[in-house]
């Protein structure tokens, strides 16, 4: 059996190696247009920052063997042709046309073909985008060029166009290298995978670290001589010694399109759950292949190295006659933003509403360990669920606390189709150095249950702010202790500590809507229950408390 | 509705507070024999070590309010009688007899009664066990006495009897306080919740930190004047200035037994999934209540603060007429042992075999992040599954790497009854600062799949050692690189680097069984596949590689 794999970076080599492990009679050839094989593209920002010292580490095995063509031949029994570009697929004759290192045209016959052509950086058609020192970050060559520029001198003015995952990772790397950084994002928020209130936390953290973030800002032109000097936006000009274009990636599908394979609604190659394209002899894996969202059952496009590896295994199993099925993805993602860990899985609130769920959410900021442990750090958490079925739909986390663990707990619950009630009774590992006795996820799930059971009527801080801005007359009831008020409070709020509330009910106007809150709104919830029992009829709890307040605050 | 709750530490206050939130007409009284309420018993080792400075932090809310009787009255609308001991339950008359702070006998009538009497330290009937400076660690008073003793001078000789979770946590605390420590454990290993090869890693780590660990050792006597001076064991005497008895806990069931309630096979109070005892008006929650193992469907006893809180919520919901069910536990547990994170969930291999599963396991040591990230740390992982159903049964983790996340991922998979195949395709959050592109859990699940699919014939390092000790003639084939061999190797092993194996097959004897391995046995697996394809018939892969080797090693 002859197998040709087009693409030698992630999903391609994985598929090839697995086929060679499974089949005695397979003859596998990997075609890669670049030089480097099987390298960790996700590590590039850490190479730029110097965290990874040598680019060879990105293409080595854990014991330091570089994965070159010799390695693939001796260890994986796989022929790899690098510097070789696949130029066309002739499906009728089952051959791949390639152009080799020295410009020769050749044909590689196949019984099975695997497309692992990856993704390309999206190109923004902005005037001046081809000036020198404007880079995207797709491969090691890009990273080397960027590193050389950064090495020129400290305190370069850097503009990062795009505030998605790559933009955010590059921003941290550039900060480490001493740049003055501005992130310019066309959308009204950074990290479009998050809901706005979570993205705002990330933006605030960036600004606390000295990174300027301009959201809702369009780049109209790059100007300069041969090198970029200025980034012109609809909100002013920025000096720029270096620009990174991080406006997203697009599946690299030219070969597939030319060969007449079906392209899905996400513009990636349509595949079934064995990674077969519309031509069953041709598979597509990794960043060029469309994925299925496990929750909605609809096509999705989330290019990640973790998914690429799983898909490669499934394709290899299918090619070798082993039964296997790829169940799809959840859109799980995580990134480090300085001291913040920022992650998500499942559907965002926005996405869940679009799909048509009757969405219920909660915001739950809390220490990620018992408050008495000095290592405890704050983690902001958001859960999203469907009110009718009580099924969990997604989670988002941001903060210095441990986010990856909580995101993965929810990812597993989503994969299993669990309800919020099931999640709330999960037997998570507990000890004080790791989590509170009631883990953040379980506390958040219980808040959602209280809402769904009608025990708690929530309102988001953004909704409260909107009501106030529209001039609504309402009582903002802050039930924190006097010591906490010193730190920060919302102007115009009324203060009655929770412990005194039962005795001071007469101070509150029964005819005015009341919004109760505290630091994180656990006490706000208790306050609302006390008020409800005392006959107050219009009491809501502000989700996430003052910690999630997006408006102004005053001290003392 | 009159509700009496016996026990004011964890599950009791939780149940009481939730009842007050749910019911308008409930009159809840909590009876606690001690002084302190609602405190974090799990935090006591961190109070002893000075990590937690003030014991008040253990009984405070996150914003620093001490949970005393006033707090419960004002905030939770709950009457708490501390220094008040429940002495008997009269089920016919539905009253609890109590003895108050000043010795008065009273009767508290109830409509619903909640037992949250907790657990007591097990008492070992060893001669001399009542000498001074021999302590257990059940409450804040114990911790204060231990702290006072430790403050006397540095470098006390400390003996910890029992190498379970509490013993291990106390050992770390005592080490921080400068003690010379010996852990004496009757069983052949520390941490009986782990399988032996994982427990061995913990023992080795203890010894690397200067803590002496004597397993398989029985304490026969404590000697001294009024104070303990020596611990006498069947393997010699140990000088002792302080002794901690950490030989386990027993559910505190005297009241329940006297009242004729059904006690389960684990000696805890039998309950249904709404936490009702054999008397439906009496609930039992927390450490005094029996739990259900979600995997086996059989009774289990794992006392933990995390479980207590969930049970309290379920009991309160049931008492107030809300439907809710506690699904049971998985035996998830975690502890910090110096730089190691050590956890488990589900069934151990030992337990799974006892239950009758056709058990398949794998050992998977690997860095917890991509090897090129300087923050990557080694994590030893073990997965346990059922060969027939391919259902996941349990996981264990130990090492400096992130264990809690992996344990919780598996806990969620276990709760959902997932197969190993499902786990292998989980969409976990991935970025280099958090995990490898193929997460440790997914790599381990794939190893298990390879074993179940007959692609890999594994053998544990312990089995290999046994074969060698019995004089079996076999080839131990180490396929690591020469540079790795320098560090450590197994005497008598044959060395052929994986990359050279195909060319050097003639060096190996086809008639001898071959055990292939490398550092972690991923390359050992590739070697076995190469040998199988070349016609070698008896090739096994040593699970976990040389990193899990329990025998002697040589350098250079």
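Expressed as a rounded percentage, what relative contact order does the range A:339-452 have, with Cα pairs under 8 Å and six or more residues apart? Once normalised by length, the contact order is 32 percent.
To the nearest 10 degrees, how steeply does helix B:11-22 sit against the main Cα axis of chain B, on a 0 to 90 scale? Tilt of helix B:11-22: around 70 degrees.
From the P(r) of the range A:22-157, could you give the percentage of C-alpha pairs in the tail past 24 Å? Please list the in-between numbers first.
Details: 4225 of 9180 pairs.
More than 24 Å apart: 46 percent of the Cα pairs in the range A:22-157.
Helix A:196-208 axis versus longest C-alpha principal axis of chain A: approximately 80°, rounded to the nearest ten. Helical runs (DSSP H, four residues minimum) scored at -39500 (n - 2.57) apiece and divided by the length of chain B put the mean residue ellipticity at 222 nm at -7500 deg cm²/dmol.
The Cα atoms of the range A:258-336 give a gyration tensor whose axes a ≥ b ≥ c have a/c of 1.5 or more with a/b no greater than b/c, which makes the shape oblate. In whole percents, the pair-distance distribution calculated for the range B:458-548 from its alpha-carbon pairs, binned every 5 Å from zero, is 3, 15, 30, 27, 18, 6, 0. Peptide B:52-65 has a mean shielding of 4, counted as Cβ atoms of other protein chains within 10 Å of each residue's Cβ. The Stokes-Einstein estimate for chain A, based on a Kirkwood radius over Cα pairs and taken at 10 °C with 1.306 mPa s viscosity, is a diffusion coefficient of 61 µm²/s. Report note on the peptides A:372-380, B:26-34: ranked by the mean count of other C-beta atoms within 10 Å, highest first, their order is B:26-34, A:372-380. For the protein assembly as shown, what does the alpha-carbon gyration tensor say about shape, rounded, prolate or oblate, given a ≥ b ≥ c as the root eigenvalues, a/c under 1.5 as rounded, and a/b over b/c as prolate? It comes out oblate by the Cα gyration axes. Here the label points at residue B:208 and residue B:79, each 7 Å from Cα along the C-beta direction, are separated by 5.7 nm in the simple model. The radius of gyration of the Cα set in the range B:329-372, together with its Dmax, comes out at 13.9, 42 angstrom.
Principal-axis analysis of the Cα atoms of chain B puts helix B:440-452 at an angle of about 60° to the longest axis. Here the average projected area of the convex hull drawn through the C-alpha atoms of the range A:339-452 stands at 6.4 nm².
For the pair residue A:466 and residue A:130, a Förster radius of 60 Å applied to the C-beta separation gives a FRET efficiency near 0.85, rounded to the nearest 0.05.
Remark: the residue A:350-residue A:122 segment gains 79.7 nm on full extension, using 0.36 nm per residue and subtracting the alpha carbon distance. Hey, for a label at residue B:111 modelled as a point 7 Å past Cα toward Cβ, could you say which residues of the range B:318-355 have their backbone N under 17 Å away? B:318-323, by backbone N distance to the label point.
Starting from the Cα gyration tensor of the range A:307-397, take the square roots of the eigenvalues, sort them a ≥ b ≥ c, and report rounded, prolate or oblate (rounded when a/c is under 1.5, otherwise prolate if a/b is larger than b/c, else oblate).
Oblate, since a/c reaches 1.5 and b/c is not below a/b.
Taking every C-alpha pair closer than 8 Å and separated by at least 6 residues, the mean separation divided by the residue count of the range B:455-512 gives a relative contact order of 32 percent. In terms of its Cα atoms, the range A:397-475 spans 47, 30, 23 Å along the principal axes, sorted from long to short. For the pair the range A:517-556 / the range A:254-308, the C-alpha centres are spaced 47 Å from each other. Per-residue mean of foreign Cβ neighbours for B:401-414 is 6 (Cβ atoms of other chains, 10 Å radius).
Ratio to report: Rg/Rh of the range A:212-346, with Cα atoms as the point set and Rh obtained by the Kirkwood method; give two decimals. The Rg/Rh ratio comes out at 1.11. Maximal additional length on extending the residue B:25-residue B:488 stretch stands at 159.6 nm, based on 0.36 nm per residue less the C-alpha distance. Partner shielding of A:434-440 amounts to 6, given as the average count of beta-carbon atoms from other chains within 10 Å of each residue beta-carbon. When each of the peptides A:224-237, A:90-103 is scored by how many other beta carbons lie within 10 Å of its residues on average, the order from highest to lowest is A:224-237, A:90-103.
Relative protection proxy for A:524-532, B:10-18, from highest mean packing down: B:10-18, A:524-532 (other beta-carbon atoms within 10 angstrom). Take the Cβ atoms of residue B:61 and residue A:505, set R0 to 35 Å, and the FRET efficiency comes out at 0.95.
Computed from the coordinates by the stated procedures, all read-outs in this text should not be read as laboratory data. Bear in mind that the values here come from a model prediction, so they are computed numbers and not experimental data. Note that we place each Cβ from the backbone using ideal geometry, even for glycine, and neighbour counts take in every protein chain shown.
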